[in-house]
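S.K.: My questions all concern the structure below.
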Amino acid sequence: MAIVSLSKKSCSVNPLKMSQPIGGALAFMGMANCMPVLHGSQGCTAFGLVLFVRHFREAIPLQTTAMNEVTTIMGGMDNIEQALLNIYKRAKPEIIGLCTTGLTETRGEDIHGDLKLIRKRNPELSDLPIVFVDTPDFKDAFQDGWAKAVTRIIEELVEKTTDTIPSQVNLLAGSHLTAADIEEIVETIEAFGLSPIVLPDISGSLDGHIPDQFSPTTIGGTTIDEVRSMGGSIATLAIGQQMERAALELEMRTGVSYAVFDRLTGLEANDRFLMHLSNLSGKPVPHKYRRQRSQLVDAMLDGHFFFGGKKVAIGAEPDLLWALGSLMAEMGCEIAAAVTTTHSPLLEKMPCAGVLIGDLEDLEMRAKGCDLLITHSHGRQAAERLGIPLFRAGLPCFDRLGANHRLSVGYRGTRDLTFQVGNLFLEHTHEGAPDSWPLPEALDEVIDDKNGHEHAAQAQTV
Amino acid sequence: MAGLNIKVQEVFNEPGCDKNQAKGEKERKKGCTKQLVPGAAAGGCAFDGAKIALQPITDVAHIVHGPIACEGNGWDNRGAKSSGPLLYRTGFTTDISENDIVYGGEKRLYRAIREVIEKYDPPAVFVYQTCVTALIGDEIEAVCKAAREKFGKPVIPIDAPGFVGSKNLGNKLAGEALLDYVIGTQEPETTTPYDINIIGEYNLAGEMWQIKPLLDHLGIRVLASITGDARYHEVASSHRARAAMMVCSKAMINVARKMEERYGIPYFEGSFYGISDTSDALRQIAKLLVQRGAPEELLSRTEILIRREEARAWERLNIYRKRFAGKRVLLITGGVKSWSVVSALQEVGLEIVGTSVKKSTEEDKERVKELMGGDAHMFDDLPPREMYKMLKEARADIMLSGGRSQFVALKARMPWLDINQERHHAYAGYEGMVTLVQEIDRALYNPIWAQVRKEAPWQS
């Protein structure tokens, strides 16, 4: 049980948080043939684009309405219209995702009304789904933007149906999952004879594959038809607490009931997930997962020596913080510092004394005396100053290869994560040296006094 | 905001820029950047440009006044290196909330400045305006003035909110802030007849350190680098230099020209990319210093150094002539770099099959035309789809460009080399040219190309 507090500083130092609109944009990047657009100045897009290029090492489709001083004052509808028409003509996407920014939200625009008018004036856009989402930069954080965008996709595209597709389930993937995580979860669901529709699916678009031809839009992801058919699924699985709102929206629209799995990292967390899949499908847990579970148990036994009593400082968005923090605590670590970006019901459940909504300076100050720092790549300076190892987790990870292929869910993912972190502890073991175990000072003097002047030492100790 | 509008107009009317002066009165008012097209725009905003230009001042605390996007999404993401202080790599932002939007963010900014000064005690604080705080009417100049008086430290407002224009405009507005608030406010401990400023060089990947040994050898002191690996004090006392070199095209031409006007520091425009450009730059620096009273023997010492270093570079470059025979390069870069790199690559036997001249001036374009024989291979704007086609059809063997287009080449399974800001290698001076050529060779002859282009056996 943790006490949740907010940083009281006026100046955020070394931000942990990233902004909502780019969280929304990344969710749209999990849609096939999509072009996300930020409704703001071109810099809003440029910063997000560079961030994603460095993390994913992929071409990133992300456009801008290129607002300037004048259009900001006069209203951005013309810019939205031009942007939509230009994108429609040049990139030919099947869907456009439009996220607002701090700039356009400060002015306050009626995007809903604007879009209606734009569609009326430009009949060529009538068949093109355009999903807009309100994501002011000055509120909430990256994972909130992601969750809002997914909710809006469901609101705009999912249809109610009475035709149930027997083996189909919906998988709502949180922003903390990598392409490898999504692939692992999909494989697990399929092993029970179920076929999942993943929304959004960045394992299709940003997994780093080579497409056959050039595309200015996303090169994979959830198709519109798939989203439309989600109403026919037998159940929804929401991975990450952040996805509950979208799951609820889906249930209210279609009647498909949902279950939230706030994490899939850890032994018991995966036990629950597999039992749920077994109940849903009416099939027993396949043999390979029994084997993988056994491997994870063995990994925990082998690893616990190195985790026990270690002090760990973690900075991550709520869902990732929960997944990693819970595992560390389960392995015997003490979570000495936990810093996050935004509110979540998970925070007070964290297995530590307190969780701070703050920045990496807060984390660095609280991490003094810790054995390990866990956060995204921006923690590299702090780790260096603290002289402790950094385990990179979350976005952005710009100074390591394969960020989107790191697996940390399922029995297998938990096993590998345990090995990776355990190896960091092993590598940084404090080894004994001749002066590691000095006696208290007073006794030193007795030993130094080799010539038998014990009374002098005695006088000191009295 | 009114003050900012005047500044923007002033910056657009740049007598030092030939391209600008060739325009009519009305056209000049529109500025030197093309109107952005919604839905088809790429590139950073004015705030981005201002930050890029000033952040290399390593001992300053750079505070971004705005919502989290402006700093949170992009901090510590550039390769400007420091030989000492690391404070410039710390991200500071007021991270304004909904309440600040309603009640104004000035008090939060003031408190932020106080927190930073108390905790980090920097020689100066730079405060960057952003779109949202400009829109709600936060007067950063007034806050900075109050903080300056209260804390007795330079607190400098950088008024370049993103929505006023492009990155290039931001570079210039950053330069204006240096002219208005920094340059000429302190005195150097000593001066010598060999003191120069280098303007518009950001020490990306440590490029200044490829140049400095050459200058050191000649006894030339860089009084201030504006702004690569700079300290606040150096920039503040840079008005005592005897001459200046302006690097990087027109990004900071206003600083060079106004320093000439105000302090009589003559400047020239030069480049450290390519062998002949580096030699020219050294010659020009020596010439200007001698004109300003440095002993004439500097000229002959410079020539001796040039001869020795050119020979040393060519000795290492000539090995590649044979390996580069028949190899074709697609060069996508901006501004002055085009022709200086074109000539350098041609010198080692590479064929340039295309180059972008998007950011180049007419004069630059003429030089490219001259070098490449006609303008058939100059692109104003080469869409990614076209780049991909050129590479896929093997009309080029390698593409040199910025990070944005790297995946166009890689997805076409063709070699690519980063020559923009995010690059990890330093390409300046004689040493840099040798590195560039080595890197091109490494990319072209990496053994992976044969394997990655092969189809899977079950596909044939």
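S.K.: Can you give the mean number of other chain Cβ atoms that lie within 10 Å of the Cβ atoms in peptide B:88-101?
M.R.: Other-chain Cβ atoms within 10 Å of each residue's Cβ, averaged: 5.
S.K.: Where the centroid of each part is defined by its Cα atoms, how far is segment A:19-72 from segment B:166-228 in Å?
M.R.: 34 Å
S.K.: Can you list the residues, at least 5 places off or on another chain, whose amide H is less than 5 Å from the amide H of B:I398, using H built in the peptide plane?
M.R.: So B:I398 has HN proximity to B:R328, B:L330.
S.K.: Just read off the accessible area of A:L206 with the full protein assembly in place, 1.4 Å probe, to the nearest 10 Å².
M.R.: Roughly 10 Å² of A:L206 is accessible to a 1.4 Å probe.
S.K.: So, with +1 on the Cβ of K and R and -1 on the Cβ of D and E, and no other charges, what is the size of the charge dipole of segment B:166-210 about its Cα centre, to the nearest 20 debye? Can you show the working numbers first?
M.R.: Numbers: 2 positive and 7 negative charges, 55 e Å.
In total the dipole reaches around 260 debye.
S.K.: Can I ask one more? List, in the order given, every pair from B:K51/B:K107; A:K17/A:K368; A:K288/B:K454; B:K51/B:K119 whose Cα-Cα distance in the structure shown is over 25 Å.
M.R.: A:K288/B:K454
S.K.: Can I ask one more? Using a 10 Å cut-off around each Cβ of peptide B:381-390, what is the average number of partner chain Cβ atoms that fall inside?
M.R.: Average per residue, whole number: 2.
S.K.: Using θ = phi - 60° and the Karplus relation 6.51 cos²θ - 1.76 cosθ + 1.60, list the HN-Hα couplings for segment A:222-231 in order, rounded to whole Hz, with x at every Gly or Pro.
M.R.: Result, ordered by residue: 6, 8, 5, 4, 4, 4, 4, 8, 5, x Hz.
S.K.: Return the tail of the calculated pair distribution for segment A:135-179, meaning the percent of Cα-Cα pairs more than 13 Å apart.
M.R.: Here the long-distance tail beyond 13 Å is 68 percent of all Cα pairs in segment A:135-179.
S.K.: Calculate one ³J(HN,Hα) per residue across segment B:379-389 by plugging θ = phi - 60° into the Karplus curve 6.51 cos²θ - 1.76 cosθ + 1.60, and present them in order as whole Hz with x for glycine and proline.
M.R.: With coefficients 6.51, -1.76 and 1.60, one gets 10, 6, 8, 9, x, x, 4, 5, 4, 4, 5 Hz.
S.K.: Report the full-extension gain for the segment A:H343 to A:M365: residue separation times 0.36 nm, less the Cα-Cα distance, to one decimal in nm.
M.R.: Roughly 5.8 nm would be gained on extension.
S.K.: Once the whole set of protein chains is in place, how much accessible area is left on A:L356, using a 1.4 Å probe, in Å² to the nearest 10?
M.R.: 20 Å²
S.K.: Separate question: Quick one: which residues, 5 or more positions from B:T227 or on another chain, have an amide H under 5 Å from its amide H? H modelled 1.01 Å from N in the peptide plane, none for Pro or chain starts.
M.R.: B:G200, B:E201
S.K.: Now for a different question. Measure off, as a whole percent, the carbon and sulfur share of the 1.4 Å-probe accessible area of chain A, all protein chains present.
M.R.: Using a 1.4 Å probe with all protein chains present, chain A comes out at 52 percent carbon and sulfur.
S.K.: On to the next question. Roughly how many Å² is the accessible area per residue of the protein assembly as shown, as a whole number, for a 1.4 Å probe?
M.R.: 40 Å²
S.K.: Please turn the phi angles of segment B:145-159 into ³J(HN,Hα) values with the Karplus equation 6.51 cos²θ - 1.76 cosθ + 1.60 (θ = phi - 60°), one per residue in order, whole Hz, x for glycine and proline.
M.R.: 3J(HN,Hα) across segment B:145-159, in whole Hz: 5, 4, 5, 4, 5, 5, 9, x, 9, x, 10, 10, x, 10, 8.
S.K.: Can you pull the three principal axis extents for the Cα set of chain B, in Å, largest first?
M.R.: That gives 69, 64, 47 Å along the principal axes, largest extent first.
S.K.: Sticking with this one: So what is the calculated 222 nm ellipticity per residue for chain B, using -39500 (n - 2.57) for each DSSP H run with n of 4 or more, over all residues, to the nearest 500 deg cm²/dmol?
M.R.: -13500 deg cm²/dmol
S.K.: If you put +1 on each Lys and Arg Cβ and -1 on each Asp and Glu Cβ, how big is the dipole of the protein assembly as shown around its Cα centre, in Debye rounded to 20?
M.R.: 2100 debye
S.K.: Between the alpha-carbon centers of segment B:392-425 and segment A:332-358, tell me the distance in whole angstrom.
M.R.: Between the Cα centres of segment B:392-425 and segment A:332-358 lies a distance of 43 Å.
S.K.: For the interface of chains A and B, what total accessible area is buried with a 1.4 Å probe, rounded to the nearest 100 Å²?
M.R.: Working: alone 21380 and 21230 Å², together 37340 Å².
For chain A against chain B, roughly 5300 Å² becomes buried.
S.K.: How big is the Cα convex hull of the protein assembly as shown in projection, averaged over all directions, in nm²?
M.R.: 47.3 nm²
S.K.: Under the rule of at least 5 residues apart or a separate chain, name every residue whose amide H is placed under 5 Å from the amide H of B:Y128.
M.R.: HN-HN under 5 Å from B:Y128: B:I63, B:V64, B:H65, B:I158.
S.K.: For the charge dipole of the protein assembly as shown, defined by +1 on Lys and Arg C-beta atoms and -1 on Asp and Glu C-beta atoms about the Cα centroid, which residue among A:H287, A:L267, A:I130 has the Cα displaced farthest towards the positive pole?
M.R.: Positive-end residue among those listed: A:I130.
S.K.: How big is the dipole moment of segment B:207-283 about its Cα centre under a simple scheme where the beta carbon of each Lys and Arg is +1, that of each Asp and Glu is -1, and everything else is neutral? Debye, nearest 20, please.
M.R.: 300 debye
S.K.: Along the positive direction of the dipole of the protein assembly as shown (beta-carbon charges: Lys, Arg +1; Asp, Glu -1; about the Cα centre), which of B:Y232, A:V50, B:V353 reaches farthest?
M.R.: Positive-end residue among those listed: B:V353.
S.K.: So, one more: Could you work out, residue by residue across B:405-413, how many beta carbons of other chains sit within 10 Å of that residue's beta carbon, and then give the average as an integer?
M.R.: For this peptide, the per-residue mean of nearby foreign Cβ atoms is 4.
S.K.: On to the next question. Ignoring ligands, DNA and RNA, what percent of the 1.4 Å accessible area of chain B is carbon and sulfur?
M.R.: Answer for chain B: carbon and sulfur cover 50 percent of the accessible area.
S.K.: Just going by the charge dipole of the protein assembly as shown, with Lys and Arg at +1 and Asp and Glu at -1 on Cβ, which of A:I189, A:G354, A:I60 is farthest out on the positive end?
M.R.: Projecting each Cα onto the dipole axis, the largest value belongs to A:I60.
S.K.: How much accessible surface does B:R301 have with a 1.4 Å probe, in Å² rounded to 10?
M.R.: In the full protein context, B:R301 sits at about 80 Å².
S.K.: Continuing with the same structure: For B:I140, B:I332, write out the residues from largest to smallest accessible area, computed with a 1.4 angstrom probe and no ligands counted.
M.R.: Ranked list, largest accessible area first: B:I332, B:I140.
S.K.: Top to bottom by accessible area (1.4 Å), largest first, where do B:H217, A:H304 land?
M.R.: From most accessible down to least: B:H217, A:H304.
S.K.: Here's another thing I want to ask about it. Just how far, in whole angstrom, is segment A:204-260 from segment A:82-147 if you go by their alpha carbon centroids?
M.R.: 19 Å
S.K.: So how do B:R328, A:R291 rank on accessible area, 1.4 Å probe, biggest first, that is with the largest at the start?
M.R.: A:R291, B:R328
S.K.: B:H217 to B:E98: extension gain in nm, 0.36 nm per residue of separation minus the Cα-Cα distance?
M.R.: Working: separation 119, 0.36 × 119 = 42.84 nm, distance 5.61 nm.
Fully extending the segment from B:H217 to B:E98 adds 37.2 nm.
The values are calculated or read from the model by the stated rules, or taken from the named source; none is laboratory data. Quick caveat: nothing in here was measured; it's all calculated off a predicted structure. Note that each Cβ is placed from the backbone with ideal geometry, even for glycine, and that neighbours are counted across all protein chains shown. Only protein heavy atoms, including side chains, enter the accessible area calculation; ligands, DNA and RNA are left aside. Shrake-Rupley method; radii C 1.70, N 1.55, O 1.52, S 1.80 Å.
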